[in-house]
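Colleague: I am attaching a structure below and will ask some questions about it afterwards.
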Amino acid sequence: MTDPRRDVPRTDALLADPRVAAARAALGEQIVRHALTSAQDEVRRGCLAPADTVTRALDLLPRTATRLRRVLNATGVVVHTNLGRAPLSAAAREALLLAAGTTDLELDLATGRRGPRAPGTRDALLDALGHPPGVGALVLNNGAAALLLAITASLDPAAGRVEVVVSRGELVEIGDGFRLPDLLVTTGAALREVGTTNRTHRADVADAIGPRTAAVLRVHPSNFTVSGFTATVPLTELADLCRDHEVPLVVDLGSGLLQPHPALPDEPDAATALAAGAHLVTASGDKLLGGPQCGLLLGDADRVEHARRHPLARALRPDKLTLAALEATLRGPQPPVQQALSTDPTALRRRAQSWADRLDATVVPHDGSVGGGGAPGVPLPGWAVALPEALAGPLRAGTPAVLGRVHRGALLLDPRTVDPADDADLLAAVHAARSRP
Ligand SMILES: *Cc1c(COP(=O)(O)O)cnc(C)c1O
């Protein structure tokens, strides 16, 4: 009997293996050394043949340097919150990579002096809005940050202006327990709630506006609808009231449409809100806009500049990757979210049928939806492939993972939200999930 400990491969020999070198380059030194040590331990205990040390160590390593895994969204939910909301366009992905290095983010290359931060992103936003006169734009970390800054910058505690007038029907919870009123009061604002859950009238708002009013806030209820005996004050009327009383009107759109969308007639958009007289408009960049996570603050150039100079703005500032990806989303070809909203149902049926043919499955009608923060209850008619519900788990465990919709005992895979370039991967994933024991 030989002592297995004498056969343990030496670390320097293992590190010289090209496969190990490649893993170190991809994943980093520490994690690779850790895996080698574990494999050496197994040899020492006699549970692993010395020749298998490298293979075993590589097995112990994660495939990538992040634990995030690629997931194909076959749910038909266009903006899927749990899948990271909007997938980026190819142009935006390219911009991310460029921005990951060093760029002229805050440098004027012509003069060699410091310049404004990513002015191209602001210009792209104003272009997308059609350059309404006197309108400025600022990008923040997310929609909540944009709203936080809009309200904070509107307060004037020294002058006693600390009240935010808001309808009781608009004090909404967005998701994961995030409640807008809770965020608003962190600014130090006092909420002046008016109206009722279902009905708010012009007089309710007018009566509440006074010397303590810092702003009137309109929040778009982006994830539910109220129907029946309801009343809201039209935005133009709210704007008139605010103009008469010289208080700012802040509109939180949430969804991030910059212009009206033909497929979503009830979804508010920034250009319309500004034209109606909103002083500040806030929205998310990764919902219907289809860009990276960010928040937009749009409106009166003076007010936007005042917000930009507020100390809080620095804490809510987005990074260079976001600014680059947002500009490319706005300037580049239609992002996936916009494509998924307007896909022709006939084309969806054809794609679903081609999946079904290759999977030996059936095609069923299926309504997609907008999802996270937009157009609640609006169906997007299309088609899906129906598979046994039992495949849902194995598909989530595959590489790439595939997320479908479990509905009435079936697993539905909807092509609306899958990039056609990923079709082959999706079909391979289903075949693999079926053959796994
Ligand atoms: C989504 C949403 C927010 C929050 O935006 P985030 O980008 O998630 O921070 C705020 N208000 C409304 C109305 C929303 O729909």
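The values are calculated or read from the model by the stated rules, or taken from the named source; none is laboratory data. All figures in this text were calculated on a predicted structure; none of them were measured in a lab. Backbone-built Cβ (ideal geometry, glycine too); neighbour counts: all protein chains shown. These accessible areas exclude ligands, DNA and RNA; they are computed on the full protein's heavy atoms, side chains included. Shrake-Rupley method; radii C 1.70, N 1.55, O 1.52, S 1.80 Å.
Colleague: For residue 14, only one of the following conditions fails: (1) surrounded by 14 or more Cβ atoms within 10 Å (Cβ to Cβ); (2) touching a residue at least 40 places away in the same chain (Cβ under 8 Å); (3) within 38 Å of the chain's Cα centre (by Cα). What is its number?
Modeller: Evaluating residue 14 over (1) surrounded by 14 or more Cβ atoms within 10 Å (Cβ to Cβ); (2) touching a residue at least 40 places away in the same chain (Cβ under 8 Å); (3) within 38 Å of the chain's Cα centre (by Cα) leaves (3) as the failure.
Colleague: Output the qualifying pairs, or none if there are none: Cβ atoms under 9 angstrom, residues six or more apart or on different chains, first residue in segment 245-273 and within 21 Å of residue 146 (Cβ to Cβ), second residue of a type in the set (Asp, Glu) and within 12 Å of the ligand (Cβ to nearest atom).
Modeller: 252/170; 253/267; 255/267; 256/286; 257/267; 260/267; 261/267
Colleague: Could you please let me know if residue 422 is among the acidic types (Asp, Glu), crowded, with 23+ Cβ neighbours inside 10 Å, closer than 18 Å to residue 86 by Cβ and more than 16 Å from the ligand (Cβ to nearest atom)?
Modeller: In short, no.
Residue-wise test of (1) in a helix (DSSP H, G or I); (2) surrounded by fewer than 16 Cβ atoms within 10 Å (Cβ to Cβ).
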site: 210; (1), (2): no, yes
site: 215; (1), (2): no, no
site: 224; (1), (2): no, yes
site: 239; (1), (2): yes, no
site: 242; (1), (2): yes, no
site: 247; (1), (2): no, no
site: 250; (1), (2): no, no
site: 256; (1), (2): no, no
site: 260; (1), (2): no, yes
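Colleague: Being in contact with a Leu (Cβ under 6 Å, 6 or more places away or on another chain) and among the basic types (Lys, Arg) narrows it down to one of 56, 114, 70, 122, so name that one. Show your work before the answer.
Modeller: On the way: 114 fails: in contact with a Leu (Cβ under 6 Å, 6 or more places away or on another chain); 70 fails: in contact with a Leu (Cβ under 6 Å, 6 or more places away or on another chain); 122 fails: in contact with a Leu (Cβ under 6 Å, 6 or more places away or on another chain).
Answer to the selection: 56.
Colleague: If a residue must be more than 18 Å from residue 364 (Cα to Cα), in a helix (DSSP H, G or I) and touching a strand residue (DSSP E or B) at 6+ places or on another chain (Cβ under 9 Å), how many such residues does segment 409-425 contain?
Modeller: Residues meeting the conditions: 2.
Colleague: Restricting to segment 172-199, name every residue that is farther than 16 Å from residue 148 by Cβ and within 16 Å of the ligand (Cβ to nearest atom).
Modeller: Hits for segment 172-199 are 173, 175, 176, 177.
Colleague: Quick one: would you say residue 281 is open to solvent by less than 60 Å² (accessible area, probe 1.4 Å) and assigned to a strand (DSSP E or B)? Please lay out each step first, then the result.
Modeller: Working: open to solvent by less than 60 Å² (accessible area, probe 1.4 Å): yes; assigned to a strand (DSSP E or B): yes.
So residue 281 passes the test.
Colleague: Hey, could you check segment 286-300 for residues that are more than 7 Å from the ligand (Cβ to nearest atom), closer than 27 Å to residue 242 by Cβ and open to solvent by less than 10 Å² (accessible area, probe 1.4 Å) and say which is farthest from the chain's Cα centre (by Cα)?
Modeller: Filtering first and then ranking leaves 299.
Colleague: How about segment 302-343: which of its residues are free of Cβ contacts under 8 Å to residues at least 40 places away in the same chain and either open to solvent by less than 80 Å² (accessible area, probe 1.4 Å) or under 21 Å from residue 99 (Cα atoms) (or both)?
Modeller: The answer is 314, 315, 319.
Colleague: While we're looking at this one, here's another question. Restricting to segment 268-278, and then to whatever is in a loop (DSSP other than H, G, I, E, B) and either under 17 Å from residue 154 (Cβ atoms) or more than 14 Å from the ligand (Cβ to nearest atom) (or both), can you tell me which residue is nearest to the chain's Cα centre (by Cα)? Give the steps one after another, and end with the answer.
Modeller: Taking segment 268-278 and keeping what is in a loop (DSSP other than H, G, I, E, B), we get 268-269, 277-278.
Subset that is either under 17 Å from residue 154 (Cβ atoms) or more than 14 Å from the ligand (Cβ to nearest atom) (or both): 277-278.
On the way: 277: 28, 278: 25 Å.
So the residue we want is 278.
Colleague: List the pairs whose first member sits in segment 165-190 and is over 25 Å from residue 231 (Cα atoms), whose second member is in a strand (DSSP E or B), and whose Cβ atoms are under 6 Å apart, counting only residues at least 6 apart or on separate chains?
Modeller: As it stands, the answer is 189/164, since those pairs meet every condition given.
Colleague: A follow-up question, please. When you check residue 75 against the structure, is it open to solvent by less than 80 Å² (accessible area, probe 1.4 Å) and polar (S, T, N, Q), yes or no? Break it down into steps so the answer makes sense when it comes.
Modeller: Values: open to solvent by less than 80 Å² (accessible area, probe 1.4 Å): yes; polar (S, T, N, Q): yes.
Judged against the criteria, residue 75 is a match.
Colleague: So residue 426 clears everything in (1) more than 26 Å from the chain's Cα centre (by Cα); (2) farther than 21 Å from residue 262 by Cβ except one condition, right? Which one?
Modeller: (1)
Colleague: If you take the residues of segment 362-397 that are surrounded by fewer than 20 Cβ atoms within 10 Å (Cβ to Cβ) and in a loop (DSSP other than H, G, I, E, B), which of them is nearest to the ligand (Cβ to nearest atom)?
Modeller: 376
Colleague: Still on this structure, please answer the following. Of everything in segment 300-318, what is part of a loop (DSSP other than H, G, I, E, B) and either charged (D, E, K, R) or in contact with a Ser or Thr (Cβ under 8 Å, 6 or more places away or on another chain) (or both)? Give them in sequence order. Explain how you work it out, then say what you get.
Modeller: Here is the first cut: in segment 300-318, the ones part of a loop (DSSP other than H, G, I, E, B) are 310, 316-318.
Once the filter is applied, which keeps residues that are part of a loop (DSSP other than H, G, I, E, B) and either charged (D, E, K, R) or in contact with a Ser or Thr (Cβ under 8 Å, 6 or more places away or on another chain) (or both), segment 300-318 yields 310, 317.
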